[in-house]
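Beneath this line is the structure, given in C-alpha cells, with notes to follow.
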Amino acid sequence: MSNPPIPAASCVVVSGGSRGLGLAIVQSILDHGAKVATFARTVTPELEALAAAHPDRVHVASVDATDAKAVTAFIKEAERKLGPVDGLVNNAAIGQDSLHVHTSPERIADIINTNLTAPLVLSRTVLRRILSGRGTGRVVFVTSICAQRGYAGLVAYSATKGGLDSAMRTIAREMHGRVLANSVAPGFFASEMSSVLGQTQLDTITRRTPTGRLVEPENVVPVIDMLLFEDTNINGQTLVIDGGGSI
Amino acid sequence: MAQISRDQVKEMMAEVMRRQNKVLPESEETPLDEIGFRSLDFSELALRVEDELDEELNFDAPGLRSIRTVGDVLDFIDELQKDL
C-alpha cells in the first residue's frame, strides 16, 4: 500500500519576504496562484505593493523573526485571513563577515538566534498548524553552500546553516507521509559577493565556477517552486545551487 | 482549569481516523497497530485537544512509546491534562 502524493502548497508562510530572494519567492508563489503570508522586520514598498495588488492572497506584517509570540500571532492572523497554511519557506537570516576570533560572543548568539533558533521555532509552529489543519504540507529551508564547504569569515553563519540542514532531514523523518521537507543551498550571490570583494576576486571566483557565473535569486526561485508545488517525491534533501562551484 | 472528557477525546480520536477513511472501534482494548493509528496521528489528536484547552500539551517521546491500545491513548491524554 502506498500513500498518495503530498499536494502542492496552497498557502505558504515565507520569513524575510521583503527584499532580495525572499521577495522573489513571494512573487513566484503568487504567480503559481497560491496564497502567501510573509513577514520581515521592515515591510518594503515593493512588498506593500504586492499586498495591495493581491489583497485576498497576501498577508504581510512587520515582525521580528526572533519574537516567537509575535510570529505565532502573525500565523494565527494569516490563517484567519487566508485559510490554513500548508507550506513554509524559512528564508530570513542575517549574514556574517568576520573571522571567528574577532566575532563577539554576543554577535555569535545573535546569529544563532536569528538563523537557527528562530527558524526551528517557526517550523514547529507551522508544522503544528499543518497537522491540525490540512494534514499535509511542504517545508523548505534556505540554507547555504557554507553548510558543506569552509569559507573564512562565516563560522557562526555556517554552523547555523548546517544545523538547519540537519534539522530538515529529521523533520522529513519525523513527519513522514505528512510533510515534504527539503533545503536549497545557494552558493554566493553575485550581489553579496560584490559588496565585500573586489572585481579581481569576483572574476577569479566566477572563473572557478564551472558554469562561469555566480548565483542569482532567479536561479534559486524555480527550485523552491519545484519543492513547493511539483510532485517530485524529493524529501530530506539539500539541493545545492552554485553553478558547480563546490564540486 | 477546564478538562476535556474521555468521551470527547475519543470522539476527536475518531475524527482523526475518519480523515484517513478509517473507523475507530468501540473496544478500548484494540491495539493501535491493528487500526493504523500512528505516532503522528497521536500528535494530531494532541493538537486538537490543545485547541480545545487553549493550552500546549508538550511531552517526551518515551511516554508515547508505551502506548499500545486505544485505551492507552485516552489514558495518556487524561494524564497530560492532569499535569496542566
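The values are calculated or read from the model by the stated rules, or taken from the named source; none is laboratory data. These figures come from a predicted structure and were not determined experimentally. No Cβ is skipped: glycine too gets one built from the backbone with ideal geometry, and neighbour counts run over all protein chains shown.
Key figures
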{"item": "Tally of residues being at pLDDT 95 or above, more than 14 Å from chain B (Cβ to nearest Cβ) and more than 20 Å from A:Arg19 (Cβ to Cβ) across the stretch A:181-209", "result": "3"}
{"item": "Helices (runs of 4 or more DSSP H) contained entirely in chain B, each with at least 2 residues that are surrounded by 15 or more Cβ atoms within 10 Å (Cβ to Cβ), touching a residue at least 12 places away in the same chain (Cβ under 8 Å) and touching a Ser or Thr at 6+ places or on another chain (Cβ under 9 Å)", "result": "B:39-53, B:70-82"}
{"item": "Residue list for the stretch A:58-88, filter: under 16 Å from A:Ser10 (Cβ atoms), within 18 Å of the chain's Cα centre (by Cα) and of a type in the set (Asp, Glu)", "result": "A:Asp86"}
{"item": "Pick from the stretch B:47-60, criterion over 13 Å from the mean Cα position of the chain (by Cα) and at the interface with chain A (Cβ under 10 Å from one of its Cβ atoms), ranking: farthest from B:Leu84 (Cα to Cα)", "result": "B:Asp51"}
{"item": "Among residues of the stretch A:52-99, those that are of a type in the set (S, T, N, Q), more than 23 Å from A:Gly137 (Cα to Cα) and outside any loop (DSSP other than H, G, I, E, B), counted", "result": "1"}
{"item": "Every residue from the stretch A:131-152 that is within 14 Å of chain B (Cβ to nearest Cβ), out of contact with any Asp or Glu (no Cβ under 6 Å at 6 or more places or on another chain) and at negative phi", "result": "A:Ser132, A:Gly133, A:Thr136"}
{"item": "Yes/no for A:Leu82 being of a type in the set (A, V, I, L, M), more than 14 Å from chain B (Cβ to nearest Cβ) and out of contact with any helix residue (DSSP H, G or I) (no Cβ under 9 Å at 6 or more places or on another chain)", "result": "yes"}
{"item": "Pair list, Cβ under 9 Å, 6 or more apart: the stretch A:153-179 residue away from every other protein chain (no Cβ under 14 Å) and touching a residue at least 60 places away in the same chain (Cβ under 8 Å), other residue among the basic types (Lys, Arg) and assigned to a helix (DSSP H, G or I)", "result": "A:Ala156/A:Arg107"}
{"item": "Exclusive hit being surrounded by 15 or more Cβ atoms within 10 Å (Cβ to Cβ), at pLDDT 95 or above and acidic (Asp, Glu), set A:Asp64, A:Asp86", "result": "A:Asp86"}
{"item": "The stretch A:212-232, residues that are crowded, with 16+ Cβ neighbours inside 10 Å, in contact with a helix residue (DSSP H, G or I) (Cβ under 8 Å, 6 or more places away or on another chain) and outside any loop (DSSP other than H, G, I, E, B)", "result": "A:Val215, A:Pro217, A:Val220, A:Val221, A:Ile224, A:Asp225, A:Leu228"}
{"item": "Qualifying residue in the stretch A:139-153 (condition: among the aromatic types (Phe, Trp, Tyr) and farther than 30 Å from A:Pro7 by Cβ)", "result": "yes"}
{"item": "Top-ranked residue of the stretch A:98-118 - restricted to ones that are touching a helix residue (DSSP H, G or I) at 6+ places or on another chain (Cβ under 6 Å) and not hydrophobic (A, V, I, L, M, F, W, C), ranked as farthest from the other protein chains (Cβ to nearest Cβ)", "result": "A:His100"}
{"item": "Subset of the stretch A:178-192 (residues that are polar (S, T, N, Q) and assigned to a strand (DSSP E or B))", "result": "A:Asn182, A:Ser183"}
{"item": "Qualifying residue in the stretch A:154-166 (condition: in a helix (DSSP H, G or I), touching a strand residue (DSSP E or B) at 6+ places or on another chain (Cβ under 6 Å) and at pLDDT 90 or above)", "result": "yes"}
